Structures are given as structure tokens and as C-alpha cells.
Amino acid sequence: MTLPESLPARLYLLAYDIKKNRLTARSQLDLVLRAAALADLYLAGRVTDENGKVRATGDPRPTGDPLLDEVLQQLAEHRPRSWRGWIAHGQPAVRAVRAQLEAGRIIRVEHRMILPDKVELLDRTAVARYGGEVRAELRRPASRIEPRAAAVLALAARGEMATVISRGERREHRQYLDELAVYTGPIADALRKAWQSKKAQQSSA
């Protein structure tokens, strides 16, 4: 099975715990996927930073990915907003990515009325192999890592996705992960702040 190229789809798949057969990081996954969509567009030169705010570069061509095209449309239709603002309050991403993966027969979704929908990987081997490739990048010098791989690791770390990188590994590789975050411009750190804010709100509630 060929995995999708988009960063949101790949991070969604990496959030799946293959051993426990369940999707993890549900509290922060929307934030991570919105950050991944912005990172995808940023690396492709479709969005840029302008005084701390997200700006579309004006390229009218479709990206070929429904979520990324939707993000570009939202950027065009709304007033400028900070990166953290778009990550925290942008277009819902989990449902869009899940629908894309379900249509591509990469996952199967059991829709349930009360409990969260149950997601099942249809090719665990392909996802496990990709997860191993991502984690192997921790041994590669930051200057030699491919930008999209750097973005995946940086966003997984900032979004505290334990299926990709554990808390201990985040501490051990802190400086390296900071170097990888540079590939995403302001996005990885905006994700960290958005997730910290959400956790604080959940704690106070």
C-alpha cells in the first residue's frame, strides 16, 4: 500500500497505536493536523509568514489535496490571523483527513452513536514501516534530514504524540528537535503553544 503524501494524513496514521489497535492523541490531534496542513503549504511555498501572521502567497493552483485546498480557501476568505490562531481555531481537520483515508481504503471506520468512532488500519505493516523510518531520522544530522521528514518529527514532538516520540525521547533530543522545528518556520512552536493552552483549559475545567 502506498501511503498518502500529505503531512496531515501521515501524522494521522502515526497517531495510531498498532499494538493497542486504537487511535491515540485524540485531544490534540486536530491541532496537530491543522499545523501539519500549514506546514505542508509552507514547505510548498503556498503560505508565508508576514509579521507573525499566516499569508497565502496567491498561487491559484489546486494542491491536489482537499484539506490543503480548504485551508487555502479559508485563508483567502478570512482576515489575517496568527499561526497559533489558525492552529487553535481553524477548519476541523480530523474528520476531513479520516474521510480521505477511509475513501482511499487505508483505514476502516466503525461509526458509533455514543462512543468515539473506531478506526482500524487496513495495512499495519506499511504504517509500522513508515513509523520506523520516521524514528530512524533521530539518528540523522539535522542538516541532512529531508524537510518533510523534519516537519513530521517536529510536529509530532510539539504535539506530544507518544506513538512517534516518547516523553523521554523528547527530553533526550530536545536540542535536535528544536533544530528540526526551524524547517517549519513558526508552525511547530505555534502548535506547542496552542496545545499547552488547550491543556491548561482542560485542567481548569
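The values are calculated or read from the model by the stated rules, or taken from the named source; none is laboratory data. On a predicted model such as this, the values are computed, not experimentally measured, just so you know. Quick reminder, even Gly has a Cβ in these numbers, built from the backbone with ideal geometry, and neighbours come from all protein chains shown. To get the accessible areas, we keep the full protein, side chains included, count just its heavy atoms, and leave off ligands, DNA and RNA. Shrake-Rupley method; radii C 1.70, N 1.55, O 1.52, S 1.80 Å.
Between their Cα atoms, which of Lys53/Lys193; Lys19/Lys118; Lys53/Lys198 are more than 23 Å away from each other? It would help to have the intermediate numbers written out before the result.
Working: Lys53/Lys193 15 Å; Lys19/Lys118 15 Å; Lys53/Lys198 20 Å.
Violating the 23 Å limit, Cα to Cα: no pairs.
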Worksheet item: So how far apart, in nm, are the two label points at Asn51 and Arg135 if each is 7 Å from Cα heading toward Cβ?
Response: 4.5
Item to complete: Kindly provide the helix-only [θ] at 222 nm of the chain, computed as the sum of -39,500 (n - 2.57) over DSSP H runs of four or more divided by all residues, to the nearest 500 deg cm²/dmol?
Response: -16500 deg cm²/dmol
Discussion item. Springs between alpha-carbon pairs under 10 angstrom, Gaussian network model over the chain: which of His89, His173, His78 fluctuates most?
Written reply: His78
Worksheet entry | GNM result for the chain, Cα springs below 10 Å: residue of Ala181, Ala194, Ala128 fluctuating most strongly | Ala128
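Which FRET efficiency, nearest 0.05, do Glu172 and Lys19 yield, Cβ-Cβ r, R0 30 Å? The partial results should precede the final answer.
On the way: r = 22 Å, r/R0 = 0.73.
About 0.85, to the nearest 0.05.
What is the percent carbon and sulfur in the accessible area of region 1-109, measuring with a 1.4 Å probe over the protein chains and ignoring ligands?
Values: 2500 of 5440 Å².
Summing carbon and sulfur atoms, their accessible area is 46 percent of the total for region 1-109.
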Worksheet item: Given springs between every Cα pair under 10 Å in a Gaussian network model of the chain, which of Ala157, Ala188, Ala142 has the largest fluctuation?
Response: Ala142
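By the scheme Lys and Arg +1, Asp and Glu -1, what is the net charge of all other residues having a beta-carbon under 15 Å from that of Ala96?
Numbers: positive: Arg10, Arg34, Arg95, Arg98; negative: Asp30, Asp40, Asp65, Asp69, Glu70, Glu102, Asp117.
Taking every other residue near Ala96 into account, the sum is -3.
Before I look further, what does the chain give for accessible area per residue, probe 1.4 Å, in whole square angstrom?
Details: 10900 Å² over 205 residues.
On a per-residue basis, the chain sits at 53 Å².
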Response to the item:
Of the residues Ala9, Ala103, Ala128, the Cα lying farthest along the dipole of the chain towards its positive end, which is defined by charges on the beta carbon of Lys, Arg, Asp and Glu, belongs to Ala128
